[in-house]
Amino acid sequence: MANSVAGVAPSVVQVHGRRRPVSGIAYGADVVITSARALGREDGARIVVDDGRTADGQLVGWDPASGLAVLRVDGIALAPANRSDSEPRVGQLAMPIARSWSNAITASVGIVAVIGGPLRTGRGYSLDRVIRLTAPVHDGFAGGPVVDASGRVLGVSTSAFIRGLAVVIPAALAWKHVAHVLEHGRPRVGFLGISGQTVRLPEGQRGTDQDAGQDRGLLVVAVTPDGPASAAGLLLGDVILALDGRAIASTDDLFGLLTAERVGRAVPLRILRAGAARELTVTVGERPAS
């Protein structure tokens, strides 16, 4: 375990933003992944590397679903961390790694206790999968790597806990989100241009072949002019039953389906209008930055 920690140490940095220092991971020779919570309202941060040298990190963008921020670092060549090619497994050894207040490397150890999801992270965002660890950690571990016994990155630590267990973003998911931020400046999130609220379906609309067992839908209470939903013909008072074949009963259900993969795609939208089920086709837009 000591050798594994020593192997990943050059890829772990300390990040000083407006708030308390956290850790970060070298994603590339000039790119750092860290926790957006450390940055406050600032556009960047000071990065301290393994040998004590410092550099300025400029914010490229951040992912509101995971809370990960991406920084571009100039003047210092970083040692990119090695991501594990294997899927994490419940029961396997997992070691969160961080930089202490003095920039010394620090580690904890536990096992992967739970792999689950999706996890709602606020404002309609969600993570498809999360890992929960038994390892004891503190806020300074946020943004740092969680490695396996060979020192390869299994995930990225957050500052969140569920029932006392630390929440970790799987490496494959974190790397995917970071790639989107580097390409677009922020992750791509789908957009329909509606507001809605959950309603119970009338008795006569329950148990049909397509909507079997569904007793709730999403009532459309506002439609953005010239938005994707408006262009598809969605009206106030319609009840959304499904998007792309997946049942919708709440705004969380809808946001969970508006993933980057659906942006720009024309997908089926099943609705209830005046007591009758209908099929529309909507081209998913991209949520504006605002």
| message | I need a count of the residues in the range 264-284 that are more than 17 Å from residue 219 (Cα to Cα) and either acidic (Asp, Glu) or buried (at least 19 other Cβ atoms within 10 Å of the Cβ) (or both). | response | 1
| Considering the range 64-79 alone, what residues qualify as being β-branched (Val, Ile, Thr) and farther than 17 Å from residue 179 by Cα? | 76
| Given the residues 173, 93, which is the only one that is over 25 Å from residue 28 (Cβ atoms) and buried (at least 16 other Cβ atoms within 10 Å of the Cβ)? | 93
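A quick yes/no check of all residues on (1) surrounded by 15 or more Cβ atoms within 10 Å (Cβ to Cβ); (2) out of contact with any helix residue (DSSP H, G or I) (no Cβ under 7 Å at 6 or more places or on another chain); (3) at pLDDT below 80; (4) not assigned by TED's automatic domain parsing to the domain that holds residue 63:
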| residue | (1), (2), (3), (4) |
| --- | --- |
| 198 | yes, yes, no, yes |
| 204 | no, yes, yes, yes |
| 208 | no, yes, yes, yes |
| 212 | no, yes, yes, yes |
| 215 | no, yes, no, yes |
| 219 | yes, yes, no, yes |
| 222 | no, yes, no, yes |
| 228 | yes, yes, no, yes |
| query | Which residues, taken from the range 250-286, are at pLDDT below 95 and touching a Ser or Thr at 6+ places or on another chain (Cβ under 6 Å)? | reply | 250, 256
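The values are calculated or read from the model by the stated rules, or taken from the named source; none is laboratory data. Note that the coordinates shown come from a computational prediction; the quantities given were computed from them, not determined experimentally. Counting neighbours? That spans all protein chains shown, and the Cβs are built from the backbone with ideal geometry, glycine included.
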